[in-house]
Structure formats: C-alpha cells, structure tokens
Amino acid sequence: MPVKEPFPDLGEILASIGEAGRRVALIDASEGGAGNISVCIGWPIEIRRTFPVTEEIPLPQPAPHLAGRRIIVTGSGRRLRDIATDPTANLGVVLVNPGGETGTLHTSPKRLFDRLTSEWNSHLGVHDDTIARAETNFHAVMHAQPPHLVYLSHLPTYRDEAYFNRRLLRWEPETIINLPQGVGLLPFMLPGSAQLMEANVVSLRTHRIVLWGKHGVMARSDISVTRAADRIEYAETAARYEYMDLLAGQRAEGLSRDELREVVSAFNVTTDVV
C-alpha cells in the first residue's frame with residue numbers, strides 16, 4: 001500500500017525510526033547493540049545536507065527492484081535506544097545504484113559505526129522481495145530480540161509453527177487482529193548467513209513478523225516503522241502471557257477457537273490460522 005502525498009520528509013522519518021528504537025528498548029528487546037532497523041523510501045528525499053559524506057559500497061546481494069530507492073539503515077553495533085537522541089551518528093542512507101549491485105552510502109561526519117548492520121543482507125532481501133511483489137513506495141523492516149519470544153523458541157514443543165501460534169494467539173483478541181497470519185517460525189540459523197536471509201524472505205511473504213529460533217524476530221510494515229515495532233510488541237506480549245502460564249503450571253484456559261473465530265468475524269480479519 002503506497003504512502004500518499006504529502007510524503008514524510010527526512011526529519012519525520014528519522015524521528016519515527018528513533019521512536020521505534022525507543023519502544024523496542026522499553027520492552028527489553030534490544031539489549032546493548034542488539035537489533036537493527038531499515039526503511040526503504042521510494043520518493044525523492046533530500047539527504048545530502050544531513051548525510052554529506054559519501055562512499056561507494058557493494059551490496060551483500062543483488063537488489064534490482066530497489067534501484068533508485070534510498071534505504072535508511074542502522075550501523076553495526078549501534079544501540080537502538082540512542083537513535084532518537086542522535087540519528088545521524090547511528091544511521092546511514094544507501095542510494096541503490098542502477099542494476100542493484102552497488103550503492104552510494106551517505107553518512108554524517110558524526111558517524112559512530114564502521115559498517116552497516118550485520119543483518120544488512122536480510123533487510124535488503126526482504127525489501128527487494130516485497131517491492132518486487134507489491135505496489136508500495138515505502139517499506140520498513142525491524143529486527144529485535146524480545147526475551148519471551150526467544151525463550152519459547154528454546155523449548156522443543158514450541159518449535160512447531162502451528163502449535164506455537166495456537167499458544168500465542170489465545171491470550172488477547174488484539175493479537176490475531178494485528179498478526180492475522182500469526183508469527184512465522186524458523187529454526188536456528190547462523191546470524192547474518194545467506195541461509196537465514198533466504199528463509200526469512202520466504203516467511204515474511206506470508207507473515208508480518210518472523211521468529212528466528214534462539215535468536216530474535218524480524219517484523220515489517222508498508223505503513224510505518226513504528227507499525228513494525230507494534231507487531232514486535234504484540235507478539236512479545238503474547239509470549240509473555242504464555243511464559244507466565246508456564247510458570248503458573250498452565251492453569252489458564254485462554255481464548256477458545258470459537259472465541260477467536262468470533263473476533264475474526266467481527267473485525268473482518270483474513271486469516272487461516274484459526
């Protein structure tokens with residue numbers, strides 16, 4: 001779904017990235033330098049005054065559908081909670097060159113990172129795949145490490161995607177409304193690997209958030225970066241309920257399937273998970 005005019009300017013986009021980083025930090029989902037954010041923009045935007053330093057960089061994989069687009073992305077090791085305070089020190093902007101194999105990286109003299117996030121290939125892959133399939137001029141991707149979701153992925157019983165979603169979707173009506181296809185679930189794969197990137201791209205075609213087993217999550221939105229953060233928060237809240245129930249000896253009943261179907265019907269939710 002394309003963002004309509006008047007388009008947000010650079011300052012507004014940087015502020016929203018800072019707010020998203022702050023929010024995931026508040027739910028303890030980005031300890032230290034964990035987590036990363038990127039926003040792909042398809043309309044003209046002035047970046048040279050804010051990010052005047054340029055260098056040519058190879059892209060970790062071809063992204064032909066992103067040619068001419070600008071991607072604002074976090075630097076490796078930067079704290080998401082610090083973006084709001086000083087976005088230019090923690091973010092870079094990549095203008096993808098024709099052909100989608102290289103880009104021009106724009107940064108600030110205040111830059112505090114040596115390279116872009118270690119998950120840059122996964123961000124790039126999701127952006128390119130989404131833009132290729134959908135008519136949108138905006139796409140946001142966010143990786144975080146919510147502790148309750150990650151904990152559940154360490155339990156063998158919860159590594160089955162259907163079972164995992166039955167357990168999470170039963171706690172609040174809002175969960176299925178905001179995550180109608182539930183949470184995608186991947187086994188552990190090496191962080192930053194091509195294997196993880198490829199599996200993540202496939203799962204995010206049908207889900208709005210994917211759990212990387214024993215690692216973290218990646219969420220996306222074609223509306224705003226804060227909407228991607230919301231999806232992480234909804235999923236983590238459901239996982240926290242499930243964790244509480246495990247501690248209590250699984251005494252709570254949660255929403256029944258009939259109750260969930262009533263919610264789906266009332267709110268016109270398109271889903272096949274209940």
- Item | Selected residue (criterion: nearest to Arg231 (Cα to Cα)) from residues of region 167-185 that are in contact (Cβ under 8 Å) with a residue 60 or more places away in the chain and not in a loop (DSSP other than H, G, I, E, B) | Thr175
- Query: Among the residues of region 184-214 satisfying the criterion of being β-branched (Val, Ile, Thr) and under 27 Å from Gly77 (Cβ atoms), which is surrounded by the most Cβ atoms within 10 Å (Cβ to Cβ)?
  - Reply: Ile209
- Task: Could you tell me whether His207 is in contact (Cβ under 8 Å) with a residue 60 or more places away in the chain and either over 20 Å from Val273 (Cβ atoms) or outside any strand (DSSP E or B) (or both)?
- Result: no
- Item | Filter pass, Thr206 being at pLDDT 95 or above, over 21 Å from Ile71 (Cα atoms), of a type in the set (S, T, N, Q) and within 18 Å of the chain's Cα centre (by Cα) | yes
- Filter region 150-171 for residues that are within 15 Å of Ile209 (Cβ to Cβ) and of a type outside the set (S, T, N, Q); the one that is surrounded by the fewest Cβ atoms within 10 Å (Cβ to Cβ) is Glu161
- Looking at Asp272, Asp258, which is the one that is surrounded by fewer than 19 Cβ atoms within 10 Å (Cβ to Cβ), acidic (Asp, Glu) and without any contact (Cβ under 8 Å) to a residue 40 or more places away in the chain? Asp258
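Does at least one position in region 243-251 carry a residue that is surrounded by 19 or more Cβ atoms within 10 Å (Cβ to Cβ), under 15 Å from Arg167 (Cβ atoms), more than 13 Å from the chain's Cα centre (by Cα) and in contact (Cβ under 8 Å) with a residue 24 or more places away in the chain? Steps first, please.
Taking region 243-251 first, the residues surrounded by 19 or more Cβ atoms within 10 Å (Cβ to Cβ) are none.
So far as region 243-251 goes, no, none of its residues is surrounded by 19 or more Cβ atoms within 10 Å (Cβ to Cβ), under 15 Å from Arg167 (Cβ atoms), more than 13 Å from the chain's Cα centre (by Cα) and in contact (Cβ under 8 Å) with a residue 24 or more places away in the chain.
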- Item | Count of residues meeting criterion [hydroxyl-bearing (Ser, Thr, Tyr), assigned to a helix (DSSP H, G or I) and over 29 Å from Met218 (Cβ atoms)] in region 239-274 | 1
- At least 2 residues that are in contact (Cβ under 8 Å) with a residue 12 or more places away in the chain and crowded, with 22+ Cβ neighbours inside 10 Å in each: list the strands (runs of 3 or more DSSP E) lying fully within region 1-97 that qualify. 36-41, 70-74, 91-96
- Exactly one of (1) part of a loop (DSSP other than H, G, I, E, B); (2) farther than 30 Å from Glu12 by Cα; (3) under 27 Å from the mean Cα position of the chain (by Cα) is unmet by Ile223. Its number? (2)
- Message: Looking at region 143-161, I want the residues that are under 15 Å from Met244 (Cβ atoms) and in contact (Cβ under 8 Å) with a residue 24 or more places away in the chain and have a partner that is of a type in the set (Ser, Thr, Tyr) and in a helix (DSSP H, G or I) with Cβ atoms under 8 Å, at least 6 apart or on another chain. Which pairs are those?
- Response: His148/Tyr243; Tyr151/Tyr243; Leu152/Tyr158; Leu152/Tyr243
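Within region 109-141, restricting attention to residues that are in a loop (DSSP other than H, G, I, E, B) and surrounded by 19 or more Cβ atoms within 10 Å (Cβ to Cβ), which residue is nearest to the chain's Cα centre (by Cα)? It would help to see each step written out before you state the result.
Initial filter on region 109-141 (in a loop (DSSP other than H, G, I, E, B)): 109-115, 117-119, 134-137.
In the following step, the residues that additionally are surrounded by 19 or more Cβ atoms within 10 Å (Cβ to Cβ) were identified as 117, 119.
On the way: Thr117: 13, Glu119: 11 Å.
The qualifying residue nearest to the chain's Cα centre (by Cα) is Glu119.
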- Looking at Glu236, is it in a helix (DSSP H, G or I), touching a strand residue (DSSP E or B) at 6+ places or on another chain (Cβ under 9 Å) and farther than 17 Å from His123 by Cα? yes
- Task: Run down Pro98, Pro64, Pro2 and say which single residue is on the phi < 0 side of the Ramachandran plot, of a type outside the set (S, T, N, Q) and modelled with pLDDT under 95.
- Result: Pro2
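The values are calculated or read from the model by the stated rules, or taken from the named source; none is laboratory data. Predicted model, so just to flag it, every value in this text is computed and none were measured. Cβ: placed from backbone, ideal geometry, glycine included. Neighbour counts: every protein chain shown.
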